[in-house]
Amino acid sequence: MNQSLRKNSCIYLDYAATTPCLPEVVAAMAPYWSEKFGNPASQLHSYGWQSKAALDQATSRIAAVLNTDAKQLVFTSGASESIQIFLFSLVETLWREAGQRAVHALSSPLEHNAVVKTLKKLSDLGWLELEMVKSLPDGRIDFADLQLKTRPETKLISVMAVNNELGSFNPIDQISQWCSARDIFFHTDATQAMGKFPIPLHHWPITALSFSSHKFQGPKGVGGLFVRRPWLQNLSNWSFGGGQDHGFRSGTQAVPLVVGMAEALDHASLSLEKNWQHVSGLGARLLDHLRAKKILFRLNGPAWEGCEWNSSTSPSLPTRTPYVMNLTFDDQPIDLRLSSLAGLAFSVGSACHGVDFSMSHVLRGLGLSQNEARSTLRLSFGAPSTLAEIDAAAEILTSAFAKAP
Ligand SMILES: Cc1ncc(COP(=O)(O)O)c(C=O)c1O
């Protein structure tokens, strides 16, 4: 195999875990480490003015991509923090307003653990009465069940945009309309959609949205939270100190990281459809290769055809993202094939499980058996993925999973 195709001697197909920083992003951040290093809160000298100008400009760029404004954005260390601080602050505020009565909320068992575990903690505290909405067999939320379970007293619904393990794309446009018509707060974890699909906040009445920069070729350690006006001002503050980020999350802002995130998001936003089509073609090619080699496998999540590009304002969204592909091989435990798969960087269950082969809550929620989960891997693609890499990856998968005749 052509070694030049391999990064770190391995074909990288784990872009849902993280992505490489674009060179333009690294260059954009460079001046803000040791040259223009001022604290943006220092407003008595030019060092501070310079940093504040850079922060303001980066914030405006991010707000423009989301069709919102800077006053509705908070910067965090990543999606996990965005999710946690929003859900905690909102639920605490509503619980107090309700005279310390538990707040009724809906979510799905297929959410990322950042949501699942935060909601569980809030339930354990007695602040939340949490009800789970059923999933469809392809991993998308069952919108009819969500409608059925919505009560007059429901205050919060949290449903992810794109599932990080399966690639299923939830109808967040419809859910946001449903919530908005009933004064329900709708939070979406958009970590796997941001920078990959347009999220028009001026069309979709989403209350809050969380994202992480390193998923769209920005730096690690920075993310964002959008909270629609006037809720940010009405929520109890998450952290206390210098009053940064509208007083909601105090702490000196990471100017270089926010500048890098803005640069990465701008780049991604200029090529959303082009990148989507590119990656969608790569995924289809990989599936064709495996079928041609008669490898026995099943694609989990929605059918690949569901990733046909529809604009975000068209009547229906895609049912899947092409960036994530989850495959179950016929009774072929991945952990017994690691040496054959050594040339491929992939993940099992979810990257957050590291080398833990215990069944992920998402695969369990989808109804996979222990054996099926053990024979399941996730490949995830990125704009830098190439045809040659896909062909080479197909070879590796074929040699790992071909059954003796
Ligand atoms: C859907 C989803 N939500 C949240 C997160 C957490 O992101 P971070 O680790 O950057 O905080 C991830 C990361 O994999 C994710 O895929």
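Only the coordinates and a few stated rules stand behind these numbers; no lab work does. Treat the numbers as computed from the prediction; the structure is a model and nothing was measured. Cβ atoms come from the backbone with ideal geometry, glycine included; neighbour counts cover every protein chain shown.
Descriptive notes on the structure:
- Global geometry of region 1-142, whether rounded, prolate or oblate, following the gyration tensor of its Cα atoms and the 1.5 cut on a/c: oblate
- Mean separation of Cα pairs under 8 Å and 6 or more residues apart, divided by the residue count, gives region 23-268 a relative contact order of 26 percent.
- Candidate aspartates and glutamates - alpha carbon under 18 Å from Lys403, same-chain residues fewer than 8 apart omitted: Asp288, Asp330, Asp331, Asp335, Glu372, Glu395
- Build a GNM of the chain with springs between Cα atoms under 10 Å apart, and of Glu165, Glu97, Glu131 the one that fluctuates most is Glu97.
- For His104, nonlocal amide neighbours, meaning residues 5 or more places apart or on other chains whose placed amide H falls under 5 Å from its own, are Glu129, Lys155.
- Counted by Cβ distance under 12 Å from Asn170, the other residues give a net charge of -3, where Lys and Arg count +1 and Asp and Glu count -1.
- The Rg/Rh ratio for region 256-391, using Cα coordinates for both the radius of gyration and the Kirkwood hydrodynamic radius, is 0.99.
- Computed from Cα atoms, the angle from the helix 255-270 axis to the main principal axis of the chain rounds to 60 degrees.
- Pairs from Lys120/Lys149; Lys71/Lys155; Lys196/Lys294; Lys71/Lys196; Lys36/Lys220 whose Cα-Cα separation, in the structure shown, is over 27 Å: Lys196/Lys294
- The angle between the Cα long axis of helix 113-124 and the main principal axis of the chain comes to about 50°, on a 0 to 90 degree scale.
- The chain: angle of helix 79-97 to the longest principal axis, Cα-based, in degrees nearest 10: 50
- Shown in residue order for region 389-398 are the 3J(HN,Hα) couplings computed by the Karplus curve 6.51 cos²θ - 1.76 cosθ + 1.60 at θ = phi - 60°: 5, 5, 4, 5, 5, 4, 4, 4, 5, 4 Hz (x for Gly and Pro).
- By the compact-protein rule of thumb, 2.2 N^0.38 Å, the alpha-carbon radius of gyration of the chain corresponds to a ratio of 1.00.
- Cα pair distances exceeding 17 angstrom across region 113-201, given as percent: 51
- In plain terms, the chain from Ala284 to Arg101 could stretch by 60.9 nm, reckoned as 0.36 nm per residue minus the Cα-Cα distance.
- For region 330-341, backbone phi angles converted through the Karplus equation (6.51, -1.76, 1.60; θ = phi - 60°) give residue-by-residue couplings of 5, 6, 10, x, 4, 5, 8, 10, 4, 5, 5, 9 Hz, Gly and Pro being listed as x.
- Cα centroid of region 218-232 to Cα centroid of region 51-81, whole Å: 7
- For Val324, nonlocal amide neighbours, meaning residues 5 or more places apart or on other chains whose placed amide H falls under 5 Å from its own, are Phe381.
- The spread of Cα positions in region 193-300, taken along each principal axis and listed from longest to shortest, comes to 61, 30, 27 Å.
- Debye log10 I(q)/I(0) for region 40-93, one point scatterer per Cα, at q = 0.20, 0.24, 0.27, 0.29 Å⁻¹: -0.85, -0.95, -1.00, -1.03
- Taking amide H atoms as placed 1.01 Å from N in the peptide plane, the amide H of Asp142 lies under 5 Å from those of Lys134, Ser135, Leu136, each 5 or more residues away in sequence or on another chain.
- Within the chain, percent of DSSP bridges classed antiparallel, to nearest 5: 55
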